[in-house]
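The values are calculated or read from the model by the stated rules, or taken from the named source; none is laboratory data. Please read these numbers as outputs of a predicted model, since none were measured by experiment. Using ideal geometry, Cβ is built from the backbone for each residue, glycine included, and neighbour counts are taken over all protein chains shown. All accessible areas refer to the heavy atoms of the entire protein, side chains included, with ligands and DNA or RNA removed. Shrake-Rupley method; radii C 1.70, N 1.55, O 1.52, S 1.80 Å.
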Amino acid sequence: MKRVFKFLIIVLILSISRIAMAKPKYEIETSINDEKFIINGELFEAKTYCFNMEEGDMVVFIEGNANGACASAKFINLRNGNVCEVWCE
């Protein structure tokens, strides 16, 4: 069981690093109540809550656009691997 867990951790780390190398990274400039985030100078509002997203964390957009030119977006936090679904403002 430990081997399976270690394997899954390694796969997760490799997946995150692969995403990080393929797309531009952006810093969370402001994080308000796990609901609103300013990234790349644009306001994004969580569809529900995005816990453990802190100012200074680096994120990669896996859907949508970091310039806010979208109806919704999804990004992954490179510090903890959490995915956040947001509305673009």
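Here are some notes:
- Residue list for the range 1-44, filter: assigned to a loop (DSSP other than H, G, I, E, B) and modelled with pLDDT of 75 or more: Lys23, Pro24, Lys25, Asn33, Asp34, Glu35, Asn40, Gly41
- Qualifying residues in the range 45-64 (those that are open to solvent by 50 Å² or more (accessible area, probe 1.4 Å) and part of a loop (DSSP other than H, G, I, E, B)) - the one farthest from Ile32 (Cα to Cα): Gly64
- Among the residues of the range 65-80, the ones that are open to solvent by less than 30 Å² (accessible area, probe 1.4 Å) and either part of a strand (DSSP E or B) or farther than 17 Å from Glu27 by Cβ (or both) come to 4 in all.
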